[in-house]
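Peer 1: Questions regarding the structure given below will be posed in turn.
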Amino acid sequence: MTVLDELRAELRAFAEARDWPMFHDPKNLAMAIASEAGELLAEFRWLSPAEADPAALSQERLAAVRSEMADVLIFLIRMADVLNVDLVEAVRSKSRINEERFPAPS
């Protein structure tokens, strides 16, 4: 079992223990991903490129960014679980497509 499989099982159990699967349909999960991605984006709103540089981020902002990144991933993993999508294979498949679309310069 991979770490991703373990997270999927943990998140499913967490949702089931709270009777949340009724809310975890693909539409609602997609909306949750989008809203959490917006919260992640908000952490960088109005920062200059220099202020958004990883070395310039305060520990407080970095903690907030980390939390929002986790929220996005949590809902993405839940959506993959509901739709029975293997995220690792999906990424590998998309990477192969991107290799063809965007070949490395020679």
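Peer 1: Considering only region 45-83, state which residues are farther than 28 Å from Pro26 by Cα, charged (D, E, K, R) and surrounded by 12 or more Cβ atoms within 10 Å (Cβ to Cβ).
Peer 2: Glu51, Arg61
Peer 1: Now for a separate question. Taking the conditions exactly as written (in contact with a helix residue (DSSP H, G or I) (Cβ under 9 Å, 6 or more places away or on another chain), surrounded by 11 or more Cβ atoms within 10 Å (Cβ to Cβ) and free of Cβ contacts under 8 Å to residues at least 60 places away in the same chain), does Asp86 satisfy them or not?
Peer 2: Yes; evaluated as a whole, the condition is true for this residue.
Peer 1: Right, something else. If you take the residues of region 1-20 that are within 16 Å of Val82 (Cβ to Cβ) and touching a residue at least 24 places away in the same chain (Cβ under 8 Å), which of them is surrounded by the fewest Cβ atoms within 10 Å (Cβ to Cβ)?
Peer 2: Going through region 1-20, the residues within 16 Å of Val82 (Cβ to Cβ) turn out to be 4-5, 7-16, 18-20.
Next, only the ones that are touching a residue at least 24 places away in the same chain (Cβ under 8 Å) stay: 4, 7-8, 11-12, 15.
Details: Leu4: 14, Leu7: 16, Arg8: 17, Leu11: 18, Arg12: 17, Ala15: 18.
The selected residue is Leu4.
Peer 1: Out of everything in region 21-30 that is hydrophobic (A, V, I, L, M, F, W, C) and exposed (fewer than 15 other Cβ atoms within 10 Å of the Cβ), what residue ends up being nearest to Leu83 (Cα to Cα)?
Peer 2: Ala30
Peer 1: Something else now. Which count do you get for residues in region 47-83 that are among the β-branched types (Val, Ile, Thr) and touching a residue at least 40 places away in the same chain (Cβ under 8 Å)?
Peer 2: Number of matching residues: 3.
Peer 1: Could you tell me whether region 31-44 includes any residue that is assigned to a helix (DSSP H, G or I), free of Cβ contacts under 8 Å to residues at least 60 places away in the same chain, loosely packed, with under 11 Cβ neighbours inside 10 Å and under 19 Å from the mean Cα position of the chain (by Cα)? Working first, answer last.
Peer 2: First, the residues of region 31-44 that are assigned to a helix (DSSP H, G or I): 31-42.
Narrowing further to those that are free of Cβ contacts under 8 Å to residues at least 60 places away in the same chain: 31-42.
With loosely packed, with under 11 Cβ neighbours inside 10 Å added as a condition, the list becomes 41.
Keeping just the survivors that are under 19 Å from the mean Cα position of the chain (by Cα) gives 41.
Checking region 31-44: at least one residue is assigned to a helix (DSSP H, G or I), free of Cβ contacts under 8 Å to residues at least 60 places away in the same chain, loosely packed, with under 11 Cβ neighbours inside 10 Å and under 19 Å from the mean Cα position of the chain (by Cα).
Each value in this text was obtained by applying a stated rule to the coordinates, not by laboratory testing. These numbers were taken from a predicted model, which means no experiment stands behind them. Here the Cβ is made from the backbone with ideal geometry for all residues, glycine too, and neighbour counts use every protein chain on show.
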